[in-house]
Each structure stands twice: as C-alpha cells, then as structure tokens.
1. So if R0 is 41 Å, what FRET efficiency would residue 55 and residue 113 give, r being the distance between their Cβ atoms, rounded to the nearest 0.05?
2. Could I have the simple spin-label model distance between residue 183 and residue 227, label points 7 Å from Cα toward Cβ, reported in nm to one decimal?
3. Stretched out fully, how many nm does the piece from residue 64 to residue 234 gain, at 0.36 nm a residue minus the Cα gap?
4. Order by neighbour count: 198, 6, fewest other Cβ atoms within 10 Å first, most last.
5. Can you tell me which of 238-247, 223-232 comes out highest on packing, and rank the rest after it, using the mean Cβ neighbours within 10 Å?
6. Along each of the three principal axes of the Cα atoms of region 172-239, give the extent in whole Å, ordering the values from largest to smallest.
7. Under the 0.36 nm per residue contour assumption, what length would be gained going from the current alpha-carbon distance of residue 32 and residue 293 to full extension?
8. Rounded to the nearest 5, what % of DSSP beta bridges with both residues in region 163-257 are antiparallel?
C-alpha cells in the first residue's frame, strides 16, 4: 500500500529532469533515489518510470500514480496551510511575480526580507515582461503596474504611480517648442509595446479638466521599457514612462518633464491575488512588508530634491 510519503517522493521525481536533480531536491545521493524508486516500483508491482533514455519517461501506470501524487500533495499542503493560518503562522512557499525593472528594484529586496524574517517559509520571485498575463492562481501575489486584469481577480493598490511625458534637455533644446499635446505630432516619439494596448494613442487631461488625444507615429519602439529610457537619455525623442522609473533622472536633470500641466492616465502599483492564496498568512505578511516598503514612495523622495521641471 502506498503511503503519503511515497506519493510525495514520486511527485518530486516526476517534477525533475533527472534522478540526479531529484537527489538534489531531496538532499540525498542519486543512488538513494534510485533505490527508493525501485522499492516503490516493487511495492506497486509495475514499472513506473522508463529510465532507458536520457530523460525520465512515465509509463502508463506511472502517469496514473503521478496524477494521484499531485492531488495528494496539494491536499496535504492545503491542510498544513489551513492549520498554520489558524495559528497565524507564516509557512509554506511564497510565489511572487513582478515586472522586470520594478521587481528588481522594489520587490526583490522585500522578498529577501520576508525570507529572512520568516524562516519557516520559502520564496520564489518570477520576473516577467508582462506579469498580468501569468496565471494568477499559480502565484500568491502578482505585482502589476497599471489597471487590473480580469474582474474576478482580487486586486489591492500598493502605491500610486503617475506616468510622465519626458525627454532629455538636449533633445528639447534642439526641437520645436511644445506648448500643447497637439505639438507632439511633429516630434520624435518613443513607444513601449509591452502588451496589446494601443500605445501610439496618447491621452491627456489639462489644467481645466479639458482632454486631448494625440496619435503619435513612433520613430523607435521596443517591448523593453529600459531600452526606451536609454534611447530617451540618448536624446532620441520623447517618451512616456512611469514615475518610479524616471524619478531619479528627473531629479538629477538627465530628463525633463514635458507639458507638466497636462496629466497622463495613472498606472498605479497593484497586487493581484489568487482567490485561494489571498487568504494565507504568508500572503498577508508579504503584502504588509511590501506596502510598508512603498510608503512613502521611494521614487518620490528622489524628486523632492529637485524642483519640478
């Protein structure tokens, strides 16, 4: 009769590319994994894994055992998590996804602090160009910049974040003056193509609540916001970037805000939660730490040292 330990062991094996990788995950030697796998196959009376090639291939019986292993493992994890949550204990594996740039600067340090403070928990940070496209239910927290995704997702705002129209001083010195959004149609514009949004339609709200919409024809575009920022710093044109991304450049004069009296739609920093993960103690603990790290917003402290351009 198979035990829960047997199924937990087998779930590690099938989740690995080789028995050597399984051994590393289980912190045992490769011969120990081979011996236990043989004992497991003797217990069920059939071969579970075809080990004749370089890769581990499940037999039909192995696939059946694997499916049950995953189910049992998830049930055991959910039960342990539920008990821990009742005690307010922070345990289990924290899974966080975030955008590349913002994730490296502002989320990664909080994940590290979380792991240091809560020794009973482990953590994974997945950086992605487009984290909102990931399956939210596979993560405890998905950090996103901009509007929320599907309406059925639990969303909480972490920090406000403006979007800023800006360019290098040298570009602005050599280009025609910009006094209204319509003037942008005659300028070199840079666009970030991060998703399916219409990134060439720039919308503004004026000081007297009037609105303006400009269709720009980008001279250069990229799916990487860091590349667009580099091009703007190299005086290639005007761009729209998040406040967190350009605050230091603005404070130190490498970039200058364009049309400061006209506002662009905000792109707040939000956290999307899976319906199940949103109630766990580890998620609550991490969100508290992340929210505290963004209050006050560290990028606004950078701009406070410089007058608004």
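1. It comes to 0.60.
2. In this crude spin-label approximation the distance works out to 3.0 nm.
3. Gain on stretching residue 64 to residue 234: 55.4 nm.
4. Neighbour counts put them in this order, fewest first: 198, 6.
5. Details: 238-247: 23.3, 223-232: 17.9.
Per-residue Cβ counts within 10 Å, averaged per peptide and sorted highest first, yield 238-247, 223-232.
6. 34, 32, 18
7. Working it through step by step, the gained length comes to 89.5 nm.
8. Bridges in region 163-257 that DSSP calls antiparallel: roughly 75 percent.
Rule-based calculations on the coordinates, nothing more; no lab input. Quantities reported herein were computed from a predicted structural model and do not represent experimental measurements. Using ideal geometry, Cβ is built from the backbone for each residue, glycine included, and neighbour counts are taken over all protein chains shown.
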